[in-house]
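Here's the structure we're looking at; comments come further down.
The values are calculated or read from the model by the stated rules, or taken from the named source; none is laboratory data. Computed from a prediction, not measured in an experiment: that's the story for all the values here. Every residue, glycine among them, receives a Cβ derived from its backbone with ideal geometry; neighbour counts consider all protein chains shown.
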Amino acid sequence: MDDPIWHALPAGTRRTVDEHLAAGRHVHATKAIRDASPESPPGIPACMDVIADRMAELGLLPNGPTPLRAPADGAVAASAAEAYRASREIPIRGLAQWRTAIAAAAPMAPGRRVLDIGAGTGGFAAAFREWFGVHVVAVEPDDAMRRLIPRTTGIEVRDGRAEALPVPDACADAAWLGSVVHHLTDLAAAAAELRRALRPGAPVLVRNAFPGRSAGDIRVRFFPETAAAVEGYPTVEQVCEAFATAGFRRVSLASVPQQNDPTLAEYASRLRREADSKLRALTDAQYEAGLARLRAAVAEDPVQPATSWMDLLVLA
Ligand SMILES: C[S@@+](CC[C@H](N)C(=O)[O-])C[C@H]1O[C@@H](n2cnc3c(N)ncnc32)[C@H](O)[C@@H]1O
């Protein structure tokens, strides 16, 4: 569940919320979320979004897994996926240092097979194909996101989740999890599935923000309150521990830069709050203050590159 309000709650509160939801006590669940949120209490509509997502995850919705606020015709989901592509996908030209880091960590060459787990709109799937000529199996549970993955030779698109991979045993030479580990409800189950799906010795490449390590994220530079959401993500140690249960060990951890856009001015013009749950979770005042910081930086140096840093954790 990609909701910073949920991730910011203490584990005990999350359990309490789940108990309230299971018992149908939605008002109590809302109050627990508001009382325990570390920042100012989120508004009721934001709490309802959290509750709808959580009920879907817990299988508590009366008509199956459709979230309460899901669009009847999928139009909103489709536009959210489009917004993700337009605003969050990093253009391939900005990923040169990621290309180098990935090539150093995994056997990337034509004939190799790479699992892209939680592939989103397929930005990295396309990059892997273009950079290395590998065969990519892009696994993505969200229909609207999956629909935008390029259908092209060398990219196979599958509906599925990390915890139950729709692939045969020992079929791949590497796995890529880009901004996905904080979405996984059961890291150990995902690790066990990756152990099954990968050939012996094949690496798992985790590209993510981790608690205590997000200062280089460009959003944190201008919207410092977004760091709070990352604090609720699994830590490097928690990911390593979960993967250790499936026999993986930590190989390396490095912070890698990317150019979100060639210039800060372009970054500012591409920024879309609705495409980013961390920006959506800010109060309007926090968001406006961040925009003012960003505009001031653009005015001072419009052509400075929009550089952002994320971690690459390699396990094998
Ligand atoms: C922030 S997006 C990242 C997309 C892409 N990897 C990227 O780097 O642009 C997270 C993706 O993980 C997917 N996701 C959520 N839960 C998942 C799960 N249990 N298994 C696999 N993917 C999941 C979401 O649908 C979403 O597309």
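Cβ-Cβ distances below 8 Å connect the following pairs, each with a first residue in segment 299-316 that is free of Cβ contacts under 8 Å to residues at least 60 places away in the same chain and of a type outside the set (D, E, K, R), a second residue that is in a helix (DSSP H, G or I) and crowded, with 20+ Cβ neighbours inside 10 Å, and a separation of six or more residues or different chains: 302/264; 303/264; 304/264; 305/264.
Whether any residue in segment 216-226 is in contact with a strand residue (DSSP E or B) (Cβ under 9 Å, 6 or more places away or on another chain), under 19 Å from residue 256 (Cβ atoms), more than 11 Å from the ligand (Cβ to nearest atom) and not in a helix (DSSP H, G or I) is what I want to check. There is at least one residue in segment 216-226 that is in contact with a strand residue (DSSP E or B) (Cβ under 9 Å, 6 or more places away or on another chain), under 19 Å from residue 256 (Cβ atoms), more than 11 Å from the ligand (Cβ to nearest atom) and not in a helix (DSSP H, G or I).
Kindly evaluate residue 137 against the criterion of being within 24 Å of residue 92 (Cβ to Cβ) and not small (Gly, Ala, Ser). Spell out how you get there, then give the answer.
Values: within 24 Å of residue 92 (Cβ to Cβ): yes; not small (Gly, Ala, Ser): yes.
For residue 137, the condition - within 24 Å of residue 92 (Cβ to Cβ) and not small (Gly, Ala, Ser) - is met.
For segment 120-133, check the following and say yes or no: at least one residue is of a type in the set (A, V, I, L, M), buried (at least 23 other Cβ atoms within 10 Å of the Cβ), part of a loop (DSSP other than H, G, I, E, B) and within 16 Å of the ligand (Cβ to nearest atom). Checked against the condition, which is being of a type in the set (A, V, I, L, M), buried (at least 23 other Cβ atoms within 10 Å of the Cβ), part of a loop (DSSP other than H, G, I, E, B) and within 16 Å of the ligand (Cβ to nearest atom), segment 120-133 yields no hits at all.
Pairing residues of segment 29-42 that are over 15 Å from residue 284 (Cβ atoms) with residues that are among the hydroxyl-bearing types (Ser, Thr, Tyr) and crowded, with 16+ Cβ neighbours inside 10 Å, at Cβ distances under 6 Å and at least 6 apart in sequence or on separate chains, gives 32/13; 32/16; 36/13.
The set of residues in segment 31-45 that are at pLDDT 75 or above and either among the β-branched types (Val, Ile, Thr) or part of a helix (DSSP H, G or I) (or both) comprises 31, 32, 33, 34, 35, 36.
Residues of segment 223-248 that are over 19 Å from residue 3 (Cβ atoms), β-branched (Val, Ile, Thr) and within 18 Å of the chain's Cα centre (by Cα): 236, 239. Within segment 240-261, residues that are free of Cβ contacts under 8 Å to residues at least 60 places away in the same chain and in a helix (DSSP H, G or I) have Cβ atoms under 6 Å from residues that are crowded, with 16+ Cβ neighbours inside 10 Å and among the aliphatic types (A, V, I, L, M) in these pairs: 242/187; 242/191, counting only partners at least 6 apart in sequence or on another chain.
Just wondering, is there one or more residues in segment 90-99 that are away from the ligand (no atom under 15 Å from the Cβ), modelled with pLDDT under 95 and outside any loop (DSSP other than H, G, I, E, B)? Steps first, please.
In the first step, residues of segment 90-99 are kept if they are away from the ligand (no atom under 15 Å from the Cβ); the result is 93, 96-97.
Then drop every residue that is not modelled with pLDDT under 95, which leaves 93.
Checking the rest, the ones that are also outside any loop (DSSP other than H, G, I, E, B) come to 93.
Yes, that holds for at least one residue.
Within segment 135-156, the residues that satisfy the criterion of being away from the ligand (no atom under 12 Å from the Cβ) and closer than 17 Å to residue 85 by Cα are 150, 151.
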